[in-house]
1. Which whole-number percentage describes the relative contact order of the chain, with Cα contacts under 8 Å and a sequence gap of 6 or more?
2. So for the chain, taking the charge dipole from beta-carbon charges (+1 Lys/Arg, -1 Asp/Glu), which of Ile46, Gly34, Ala11 sits furthest toward the positive end?
3. Tally up the carbon and sulfur contribution to the accessible surface of the chain as a whole percent, 1.4 Å probe, everything protein left in place.
4. Can you give the net charge of the other residues whose Cβ lies under 13 Å from the Cβ of Thr33, counting K and R as +1 and D and E as -1?
5. Return the equivalent ellipsoid semi-axes of the chain as a descending list in whole Å, where each equals the square root of 5 times an eigenvalue of the C-alpha gyration tensor.
6. Along Cα→Cβ, 7 Å out, is where each label goes; now give me the distance between the ones at Phe6 and Glu29 in nm to one decimal.
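The values are calculated or read from the model by the stated rules, or taken from the named source; none is laboratory data. Predicted, not measured: the structure shown is a model, and the values here were computed from it. Cβ sites come from the backbone with ideal geometry, for glycine too, and all protein chains shown count toward neighbours. Quick note on the areas: whole protein, heavy atoms, side chains included, nothing else; ligands and nucleic acids left out. Shrake-Rupley method; radii C 1.70, N 1.55, O 1.52, S 1.80 Å.
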Amino acid sequence: MKAAQFVQAKARSGYTGRKPSIDRAKVLELHATGLGPTEIADELQIGRVSVYRS
């Protein structure tokens, strides 16, 4: 399927993708307080790699 066809099909179906499971604002807020990725991950009970991705 070409890119333009994919965009049209997506628009017709109303598919919006998976809902975010991580609160990016909370990650940034904890980072601003000086916490490192490991502490942020522990606090939010998520993986450390997820902290890096957000």
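1. On the way: 20 pairs, mean separation 14.1, N = 54.
Computed value for the chain: 26 percent relative contact order.
2. Working it through, the farthest residue towards the positive pole turns out to be Ala11.
3. Values: 2490 of 4640 Å².
The C+S portion of the solvent-accessible surface of the chain is 54 percent.
4. On the way: positive: Lys26; negative: Glu29, Glu39, Glu43.
Summing Lys/Arg as +1 and Asp/Glu as -1 gives -2.
5. On the way: eigenvalues 237, 21, 18 Å².
Each semi-axis is the square root of five times an eigenvalue, giving 34, 10, 9 Å.
6. In this crude spin-label approximation the distance works out to 3.5 nm.
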